[in-house]
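The values are calculated or read from the model by the stated rules, or taken from the named source; none is laboratory data. Here the structure is a predicted model, which is why all the values come from computation and not from measurement. Cβ placement follows ideal geometry from the backbone for every residue including glycine, while neighbour counts extend to all protein chains displayed.
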Amino acid sequence: MHLGMTGRFAVGEGRWWTVLTAVFLHGSLLHLAFNMAIGRRYLLEQWWVPAIPGLAIFLVSLAFNLLGDGLRDVLDPRLKF
């Protein structure tokens, strides 16, 4: 039984479980916790490594929040005077 990557799309061959396994492993809290534990060593030495993605996440979430507020102000008929 070969469990590694074959170079072909696994779902097309009827092996849908390989996609679900990858989603489970990379989307789980355990994976996130392991990455945080490993990255904690470098936090004081290379502070920009977590700061730049954190700033990007902050800016994207702020942009979506402002976009949603603007769309609500324009499209919500209950707010019209």
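Numbers for the structure displayed
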quantity: Residue list for segment 34-51, restricted to those being surrounded by fewer than 10 Cβ atoms within 10 Å (Cβ to Cβ) and at pLDDT 85 or above; calculated: Glu45, Trp48
quantity: Counted residues, segment 53-81 - those being within 30 Å of Met36 (Cα to Cα) and not in a helix (DSSP H, G or I); calculated: 0
